[in-house]
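Student: Here it is, the structure, as structure tokens.
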Amino acid sequence: MPEHRIRPHHLLCMAQFAGKGYDQRFARNMAEVKAALERGDSLRIRFACDDLCACCPHHSTAGCALGEGDVAEKDARAAHMLGVAADDAVQWEQVRKRMAALPPGSVERACQSCQWLALGCCGDEVLRRYAQGQSENA
Ligand code: SF4
Ligand code: SF4
């Protein structure tokens with residue numbers, strides 16, 4: 001079974017993903033990775049560029065062009081919230097259950113400065129619909 005390298009805040013991104021992304025390549029890759037995880041592929045937590053960053057137009061050898069500091073803070077908050085640590089091997093279903101149990105305000109706290117949050121693409125309600133199995137986009 002393939003193993004995907006995923007940074008913590010991307011767990012939240014994938015759960016709320018509805019087809020939009022930085023460009024077509026990025027969105028297609030995210031859809032494929034999410035579908036693979038939902039089918040049972042395993043994932044390993046990594047606090048660095050991951051399998052989603054690999055297809056992102058903001059990714060370079062120096063890291064994330066949108067700001068390494070901001071991304072690291074988002075990862076730290078998401079990891080704490082979802083109870084994952086560096087190098088953990090977890091199943092998507094475990095993560096989904098943890099997301100379903102998050103208290104109100106969790107997405108806003110974890111993501112803060114993200115443009116997709118401001119655009120209304122993400123938020124507690126979007127995450128709740130997916131994590132509790134009501135998403136039309138899953
Ligand atoms: S608000 Fe941004 S960082 Fe947070 S889940 Fe959505 S896309 Fe990801
Ligand atoms: S390179 Fe930056 S913007 Fe692109 S997916 Fe990775 S963390 Fe997100």
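The values are calculated or read from the model by the stated rules, or taken from the named source; none is laboratory data. Given the structure is predicted, the values throughout are model-derived calculations rather than measurements. With ideal geometry, Cβ positions are generated from the backbone for all residues, glycine too; neighbour counts draw on all protein chains shown.
Student: Would you point out the residue of region 85-106, among those that are assigned to a loop (DSSP other than H, G, I, E, B) and out of contact with any strand residue (DSSP E or B) (no Cβ under 9 Å at 6 or more places or on another chain), that is surrounded by the most Cβ atoms within 10 Å (Cβ to Cβ)?
Tutor: This residue is 102.
Student: Next question. Return the residues of region 104-131 that are free of Cβ contacts under 8 Å to residues at least 12 places away in the same chain and within 16 Å of ligand 2 (Cβ to nearest atom); say none if nothing qualifies. Don't jump to the end; show me each part of the working.
Tutor: Step one: filter region 104-131 for residues free of Cβ contacts under 8 Å to residues at least 12 places away in the same chain, giving 115, 117-120, 125, 129.
Within region 104-131, 115, 117, 118, 119 qualify.
Student: If you don't mind, another one. Filter region 31-76 down to residues that are among the acidic types (Asp, Glu) and surrounded by 17 or more Cβ atoms within 10 Å (Cβ to Cβ) and give me whichever is nearest to ligand 1 (Cβ to nearest atom).
Tutor: We begin by selecting, within region 31-76, every residue among the acidic types (Asp, Glu); these are 32, 38, 41, 50-51, 68, 70, 73, 75.
The next check asks that each one be surrounded by 17 or more Cβ atoms within 10 Å (Cβ to Cβ); those that pass are 50-51, 75.
On the way: 50: 13, 51: 15, 75: 10 Å.
In this case the residue turns out to be 75.
Student: Looking at 59, 4, 10 in this structure, which one is closer than 20 Å to residue 129 by Cβ and not aliphatic (A, V, I, L, M)? Working first, answer last.
Tutor: Details: 59 fails: closer than 20 Å to residue 129 by Cβ; 4 fails: closer than 20 Å to residue 129 by Cβ.
So the residue among 59, 4, 10 that is closer than 20 Å to residue 129 by Cβ and not aliphatic (A, V, I, L, M) is 10.
Student: Any residue at all in region 62-74 that is assigned to a helix (DSSP H, G or I), touching a helix residue (DSSP H, G or I) at 6+ places or on another chain (Cβ under 8 Å) and within 14 Å of ligand 2 (Cβ to nearest atom)? Break it down stepwise before answering.
Tutor: Start the filter on region 62-74 by keeping residues that are assigned to a helix (DSSP H, G or I), which leaves 68-74.
If we keep only those that are touching a helix residue (DSSP H, G or I) at 6+ places or on another chain (Cβ under 8 Å) as well, we get 71, 74.
Those still in the list that are within 14 Å of ligand 2 (Cβ to nearest atom) too: 71, 74.
Yes, region 62-74 has at least one match.
Student: What pairs can you find where one residue is in region 65-77 and within 15 Å of residue 108 (Cα to Cα), the other is surrounded by fewer than 18 Cβ atoms within 10 Å (Cβ to Cβ) and of a type outside the set (Gly, Ala, Ser), and their Cβ atoms are less than 9 Å apart, with a gap of 6+ or different chains?
Tutor: Listed by first residue and then by second, the contacts come to 70/112; 73/112; 74/112; 75/47; 76/47; 77/109; 77/112.
Student: So, one more: Keeping to region 19-57, report how many residues are modelled with pLDDT under 95, touching a Cys at 6+ places or on another chain (Cβ under 7 Å) and either within 9 Å of ligand 2 (Cβ to nearest atom) or not basic (Lys, Arg) (or both).
Tutor: 1
Student: Let me ask something else about it. Could you give me the residue pairs with C-beta distances under 8 Å whose first residue belongs to region 8-21 and is free of Cβ contacts under 8 Å to residues at least 24 places away in the same chain, whose second residue is within 14 Å of ligand 2 (Cβ to nearest atom) and not in a loop (DSSP other than H, G, I, E, B) wherever it lies, and which are 6+ apart or on separate chains?
Tutor: As it stands, the answer is 21/27; 21/30, since those pairs meet every condition given.
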